[in-house]
Amino acid sequence: MSVFNWYKFSSPATFYTLAGKLVPWFYAAAILLCVVGLYISFFMAPTDFQQGEAYRIIFIHVPAAWMSMFIYIVMAGWAAIGLAFNTRLSFMMASALAPTGAMLTFVSLWTGALWGKPMWGAWWVWDARLTSELILFFLYLGFMALQAAIDDPRRADRAGALIALVGVINVPIIYFSVKWWNTLHQGASVSMTKSSSMASIMLIGMLVMALAAWMYAIAASLSRVRSIILERERNAQWVAQMLEAEL
Amino acid sequence: MNWNGWSEFIHMGGYALYVWGSFGVTAILIAGEILLLRVRRKQVLKLALRAVQYGKVKNDEDAA
């Protein structure tokens, strides 16, 4: 098998140190990509002939919406690994991803409303895309509330993992909602099968912003998982040794 | 968008409320999350330090 020892990194003690080393790099990458992405979004991408400047909201809206779904899938994946192999760190990763996922889901709903008002004339409509994204937001909140309500961390982990896994069915519903139902929300802006309907500089701007959001989400969740590890293992030998070395 | 000064940039072709409402709130939320992460880390480090010191005192007492 592989020379690289994955089991070593599944130990919270090792991962705590590794994550601490990685976090600044991911923050740096996020800042760099964000600066480039914002420059493209505002100065390189031309004004849309139909939507004027309002369309620039998509440079936040689309990356946030992508990440809201992607983070949920990753969270459910960690939950599944945790349930299957009973690895503590997997559950901690799932918990660490939820607040960032919820925040980005809210961003996608909020920016969608601010785009919808001038373009559709309504802040909100109950169409399939918007409603399923709202359900995603509630799934994140439900996951966090359930975990917070159970005192025993191991039981909280398992209960949360079940919500995460059941809720993952909602992600393909969000993604394909614009195909399956007649929605006011437009179809996919970027498609694997047909060439994009967008100007390529707009597409590049969106991709750069999506990468920035990705790097940020990794930095934030790694930073959060370090706190979760310390919270849960503060009585462990390795924590004592590490803190004494720092004192 | 061509640069024609700040006022035109901020005006966003009449969509200032919607564009800046989107980018502004997103920036605030990200800043808020980073702040919460720092607060949580400080709190947990404090708790962990207390646990270590308590353990030390207890060990010393046990030894004595």
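If you filter the range A:141-247 for trypsin sites (Lys or Arg not before Pro), then keep DSSP loop positions with at most 11 other Cβ within 10 Å, what is left? Sparse-neighbourhood loop trypsin sites (Lys or Arg not before Pro): A:194. Comparing B:17, B:45, B:35 along the charge dipole axis of the range B:6-63, the residue lying farthest to the positive side is B:45, per the Cβ-charge model. Expressed as an acute angle from 0 to 90° and rounded to the nearest 10, what is the orientation of the C-alpha long axis of helix A:170-180 relative to the principal long axis of chain A? Roughly 10 degrees, rounded to the nearest 10. About its Cα centre, chain B has a charge dipole of approximately 280 debye under the convention of +1 per Lys or Arg Cβ and -1 per Asp or Glu Cβ, with nothing else charged.
So what's the net charge close to residue A:40: Lys and Arg +1, Asp and Glu -1, counting the other residues with Cβ under 15 Å from its Cβ?
Details: positive: A:56; negative: A:48, A:53.
Net charge in that neighbourhood comes out at -1.
For chain A, the mean residue ellipticity at 222 nm estimated from helices alone is -26000 deg cm²/dmol, where every DSSP H run of n ≥ 4 contributes -39500 (n - 2.57) and the total is divided by all residues, rounded to the nearest 500.
Taking packing as the residue-averaged number of other Cβ atoms within 10 angstrom, the listed peptides A:75-82, A:30-37 run from highest to lowest as A:75-82, A:30-37.
Using the crude model of +1 on Lys and Arg Cβ and -1 on Asp and Glu Cβ, and no other charge, please compute the dipole size for chain A relative to its Cα centre, in debye to 20.
Values: 15 positive and 11 negative charges, 64 e Å.
Dipole about the Cα centre, nearest 20: 300 debye.
Relative to the first principal axis of the alpha-carbon coordinates of chain A, what is the inclination of helix A:88-120, with its axis defined by its Cα atoms, in degrees from 0 to 90 and to the nearest 10? Roughly 20 degrees between the two axes.
Positive end of the dipole of the protein assembly as shown (Cβ unit charges, origin at the Cα centre): among A:241, A:55, A:120, the Cα lying farthest that way belongs to A:241. Compared with the dominant principal axis of the Cα atoms in chain A, helix A:237-246 is inclined by about 80°.
Just so you know, all these numbers are worked out from the coordinates, no wet-lab data involved. Predicted model only: the values in this text are computed from it and were never measured. Every residue, glycine among them, receives a Cβ derived from its backbone with ideal geometry; neighbour counts consider all protein chains shown.
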